[in-house]
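**Student:** The following block contains the structure, expressed as structure tokens.
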Amino acid sequence: MTSVHFYHNAENPVALVCELLGNAYRGGRKAVVVSPDAALAQQLDRQLWTADPRDFIPHVMYDSPLASETPIVIGLAGEKLWPHADLLFNLAAELPAACERFRMLIEIVGCSEAERAPARARWMRYKQLQFPLKAFDAERRMPL
């Protein structure tokens, strides 16, 4: 069953995702990142490319022919055919499609009420689906 971890109050959601993706990659995990739009997906792609070169995180966009061979795949909300089923990072406001296929789903929630309200709705939906839920403070990386 998919377990869901919410990271609340992320001042910079993209930076947090990059950090967590680095940890996942170094731990041998494969991950998918769901972006609400192409602009944020490109921002994440750029940030992963411009991070410390000693800490390279191999990644591609979901429509790349190398997606199935690459540990980190970035895609858009609504995509259902992901090449991996280990970790799913959600930056979108809605529940990710096919989220039940993944071992773990990581929800990144910003500081504004506009980001918190949809996150509360997703929390309740995951609870209805009986997914195990955990909440963390994004800045302190501590359980709430």
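The values are calculated or read from the model by the stated rules, or taken from the named source; none is laboratory data. Values in this document were obtained by computation on a predicted structure and should not be read as measured data. FYI the Cβ positions are ideal-geometry reconstructions off the backbone, even for glycines, and counts take in every protein chain you see. All accessible areas refer to the heavy atoms of the entire protein, side chains included, with ligands and DNA or RNA removed. Shrake-Rupley method; radii C 1.70, N 1.55, O 1.52, S 1.80 Å.
**Student:** Within the bounds of the stretch 110-132, is there any residue that is under 14 Å from the mean Cα position of the chain (by Cα) and either assigned to a strand (DSSP E or B) or more than 24 Å from MET1 (Cβ to Cβ) (or both)?
**Tutor:** Yes, some residue in the stretch 110-132 is under 14 Å from the mean Cα position of the chain (by Cα) and either assigned to a strand (DSSP E or B) or more than 24 Å from MET1 (Cβ to Cβ) (or both).
**Student:** Could you tell me which residue of the stretch 22-38 is nearest to MET104 (Cα to Cα), considering only residues that are open to solvent by less than 70 Å² (accessible area, probe 1.4 Å) and in a helix (DSSP H, G or I)?
**Tutor:** Per the stated criteria, the residue is ALA24.
**Student:** Right, something else. Test GLU19 against the stated conditions and say whether it is at pLDDT below 95 and farther than 27 Å from PRO143 by Cβ.
**Tutor:** no
**Student:** On to the next question. List the residue pairs whose Cβ atoms are under 8 Å apart, where the first residue sits in the stretch 74-98 and is buried (at least 19 other Cβ atoms within 10 Å of the Cβ) and among the small types (Gly, Ala, Ser), the second is outside any loop (DSSP other than H, G, I, E, B) and modelled with pLDDT of 95 or more, and the two are 6 or more positions apart or on different chains.
**Tutor:** Partner pairs satisfying both residue conditions: GLY75/VAL32; GLY75/VAL33; GLY75/VAL34; GLY75/SER35; GLY75/ALA41; GLY75/MET61; ALA92/VAL34; ALA92/SER35.
**Student:** For ASP52, indicate whether it is of a type in the set (D, E, K, R), open to solvent by 20 Å² or more (accessible area, probe 1.4 Å) and either within 13 Å of the chain's Cα centre (by Cα) or closer than 24 Å to GLU100 by Cα (or both).
**Tutor:** no
**Student:** How many residues does the stretch 100-109 hold that are part of a loop (DSSP other than H, G, I, E, B) and open to solvent by less than 80 Å² (accessible area, probe 1.4 Å)?
**Tutor:** The qualifying residues number 1.
**Student:** While we're looking at this one, here's another question. Under the condition of being acidic (Asp, Glu) and either open to solvent by 80 Å² or more (accessible area, probe 1.4 Å) or touching a strand residue (DSSP E or B) at 6+ places or on another chain (Cβ under 7 Å) (or both), which residue from the stretch 55-73 is nearest to PHE102 (Cα to Cα)?
**Tutor:** Residue satisfying both the conditions and the ranking: GLU69.
**Student:** Is the stretch 112-128 home to any residue that is in contact with a Lys or Arg (Cβ under 9 Å, 6 or more places away or on another chain) and surrounded by 14 or more Cβ atoms within 10 Å (Cβ to Cβ)?
**Tutor:** no
**Student:** Just a yes or no: is a residue in the stretch 135-143 open to solvent by 70 Å² or more (accessible area, probe 1.4 Å), at positive phi and not aromatic (Phe, Trp, Tyr)?
**Tutor:** Within the stretch 135-143 (the criterion being open to solvent by 70 Å² or more (accessible area, probe 1.4 Å), at positive phi and not aromatic (Phe, Trp, Tyr)), the answer is yes, since at least one residue qualifies.
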